[in-house]
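Chemist: Mind having a look at this structure? Questions to follow.
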Amino acid sequence: MIWWRAIAVAALVATTPALLAGEIPPDARRSGYSFVSPDTRAMQDDDTSNPGMLFVLDGEALWGKKVGSADKACADCHGDARSSMKGVAARYPAFEKALGRPITLDQRIKLCRANHQQASPLPYESRDILALSAFVAHQSRGFPITAGDDPQLSAFVAQGRSLFMQREGQLNLACTNCHDDNFDKHLAGSPITQAQPTGYPIYRLEWQTLGSLERRLRSCMTGVRAQAYDYGAPELVALELYLMSRARGMPMETPAVRP
Amino acid sequence: MARSKVYIAVLLASVIHVANAGADELVPYEITGDGITTSLTGAPGDVARGRTLVLARTTTCILCHSGPFPETRFQGDLAPDLTGAGNRWTVSQLRLRLVDASRFNPDTIMPSYYRNKGFVRVGRNYAGNPILSAAEIEDIVAYLATLRD
């Protein structure tokens, strides 16, 4: 038992890139869950009170619904998501050969819909894309995050990391200034988390709806008075990829509930 | 014909001037020791207005700082409590710390409140403008100077 653990630790050490100053050591990483109130945790933990589960249920219905001129449902190709989609979201953003760059789970769903279902595109942050994404990601609940392991992604992880470290906007702040250096402190009374993206799409009480990691990143950028990247922009995908690789090994929680 | 060209040139110049007003023109200031001794507006700030500004979320002060503000619980703890700021700093020191705190520590998370250049990807609504106007800096400096233990 002990030597199994030793192997696991050795494997983690071997695959973890060297930390830059200010970065969080693997064993000190904490999900946003540990920063929220007991009430919010209880809401997430109980599927009957977690509002994100309504989107998961909607997503399940959409999974089986035939759409587009191909008249195909997701299930017609992928079968039962409970088995076929297990652990899939934990690997996203993933490298897409045809594009030569990483894409998010939402972009994968959009591509599938365009190419295989030949259906009208679902806009970013629309209820249906969030529902499908939540349903697929929910099949990874409890799975360790492995996104970024693909060696073809290393340049994009590095791009995401440099964006995370880059000061920007009129307030001239980088993600790292708050989320590596000042987590557990309070910004206007609200706790600052480590920005570990373990539960996306998340139900955010402030939004009163489910939202993607891109939405969260864009609102942080607006907060530092920077020009937010458009949904689907390569920079946002690189940031998402870096954040997921930074959370490597942490369990997925989708749908998480956050204030 | 020549005359109308001149008119157009003058008109264009004035349009450009209006577009840039408040954008590219910051009041020049002189640093003496570790402060700015002269008011950016040439007049002392207004203490009451300064307090209102510090408490307004748009100035961003209390996102990071706390202080003697019993009426709000939405205060930050990323930066020192402002209580006693008037004991710790002179008016001149406070003014430069608001204008450009990065001068003292390039790694500081305190924004430079009176700077409008050298930033990355500034939002469209903010581009070319400092976070605070000269008058707002002076009001806040005047208020902070009154915070004595």
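Chemist: Looking only at the stretch A:111-131, count how many residues are in a loop (DSSP other than H, G, I, E, B) and among the charged types (D, E, K, R).
Modeler: 1
Chemist: Residue by residue through the stretch B:104-138, note down the ones that are acidic (Asp, Glu) and within 11 Å of chain A (Cβ to nearest Cβ).
Modeler: The one that is acidic (Asp, Glu) and within 11 Å of chain A (Cβ to nearest Cβ): B:Asp107.
Chemist: Restricting to the stretch A:40-52, what's the tally of residues that are closer than 21 Å to A:Asp184 by Cβ and loosely packed, with under 12 Cβ neighbours inside 10 Å?
Modeler: Result for the stretch A:40-52: 0.
Chemist: Still on this structure, I have one more. Which residue, of A:Gly211, A:Gly199, A:Gly142, is crowded, with 23+ Cβ neighbours inside 10 Å, more than 13 Å from chain B (Cβ to nearest Cβ) and touching a residue at least 12 places away in the same chain (Cβ under 8 Å)?
Modeler: It is A:Gly199.
For (1) among the polar types (S, T, N, Q); (2) within 20 Å of A:Val224 (Cβ to Cβ); (3) in contact with a strand residue (DSSP E or B) (Cβ under 9 Å, 6 or more places away or on another chain), each residue gets a yes or a no:
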residue: B:Arg49; (1), (2), (3): no, no, no
residue: B:Leu82; (1), (2), (3): no, no, no
residue: B:Val91; (1), (2), (3): no, no, yes
residue: B:Leu98; (1), (2), (3): no, yes, no
residue: B:Asn105; (1), (2), (3): yes, yes, no
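Chemist: Let me ask something else. Given A:Gly223, A:Gly249, A:Gly232, which one is touching a strand residue (DSSP E or B) at 6+ places or on another chain (Cβ under 8 Å), surrounded by fewer than 19 Cβ atoms within 10 Å (Cβ to Cβ) and modelled with pLDDT of 95 or more?
Modeler: Of A:Gly223, A:Gly249, A:Gly232, the one residue that is touching a strand residue (DSSP E or B) at 6+ places or on another chain (Cβ under 8 Å), surrounded by fewer than 19 Cβ atoms within 10 Å (Cβ to Cβ) and modelled with pLDDT of 95 or more is A:Gly249.
Chemist: Counting only residues that are over 15 Å from A:Ala256 (Cβ atoms), at pLDDT below 95 and of a type outside the set (Ser, Thr, Tyr), give me the helices (runs of 4 or more DSSP H) lying completely in the stretch A:1-85 with at least 3 of them.
Modeler: Answer list for the stretch A:1-85: A:2-15.
Chemist: Only residues that are of a type in the set (A, V, I, L, M) and in contact (Cβ under 8 Å) with a residue 12 or more places away in the chain: list them for the stretch A:74-115, please.
Modeler: Scanning the stretch A:74-115 gives A:Ala75, A:Ala81, A:Met85, A:Val88, A:Ala89, A:Ala90, A:Ala94, A:Ile103, A:Leu105, A:Ile109, A:Leu111.
Chemist: So which residues in the stretch B:77-103 are at negative phi, more than 10 Å from chain A (Cβ to nearest Cβ) and outside any helix (DSSP H, G or I), if there are any at all?
Modeler: B:Pro80, B:Asp81, B:Leu82, B:Thr83, B:Trp89, B:Thr90
Chemist: Output the residues belonging to the stretch A:86-110 that are in contact with a strand residue (DSSP E or B) (Cβ under 7 Å, 6 or more places away or on another chain) and assigned to a helix (DSSP H, G or I).
Modeler: A:Ala89, A:Ala90, listed by residue number.
Chemist: Shifting gears a bit: So which residues in the stretch B:6-52 are of a type in the set (Gly, Ala, Ser), under 14 Å from the mean Cα position of the chain (by Cα) and at pLDDT 50 or above?
Modeler: Across the stretch B:6-52, the qualifying residues are B:Ala23, B:Ser39, B:Gly45, B:Gly50.
Chemist: Right, here's the next one. Look at the stretch A:152-206 and say how many of its residues are of a type outside the set (A, V, I, L, M, F, W, C), in a strand (DSSP E or B) and touching a strand residue (DSSP E or B) at 6+ places or on another chain (Cβ under 6 Å).
Modeler: Within the stretch A:152-206, residues that are of a type outside the set (A, V, I, L, M, F, W, C), in a strand (DSSP E or B) and touching a strand residue (DSSP E or B) at 6+ places or on another chain (Cβ under 6 Å) number 3.
Chemist: Separate question: Kindly provide the set of residues from the stretch B:117-131 that are of a type in the set (A, V, I, L, M, F, W, C) and touching an Asp or Glu at 6+ places or on another chain (Cβ under 9 Å), ordered by number.
Modeler: Passing the criteria: B:Phe119, B:Val120, B:Val122.
Chemist: A:Gly189 passes all but one of (1) crowded, with 20+ Cβ neighbours inside 10 Å; (2) at pLDDT below 95; which number fails?
Modeler: All conditions are met except number (1).
Chemist: Still on this structure: Looking only at the stretch B:44-65, which residues are part of a loop (DSSP other than H, G, I, E, B), surrounded by fewer than 20 Cβ atoms within 10 Å (Cβ to Cβ) and within 14 Å of chain A (Cβ to nearest Cβ)?
Modeler: The one that is part of a loop (DSSP other than H, G, I, E, B), surrounded by fewer than 20 Cβ atoms within 10 Å (Cβ to Cβ) and within 14 Å of chain A (Cβ to nearest Cβ): B:Ala56.
The values are calculated or read from the model by the stated rules, or taken from the named source; none is laboratory data. Being a predicted model, the structure only gives us computed values, none of them experimental. With ideal geometry, Cβ positions are generated from the backbone for all residues, glycine too; neighbour counts draw on all protein chains shown.
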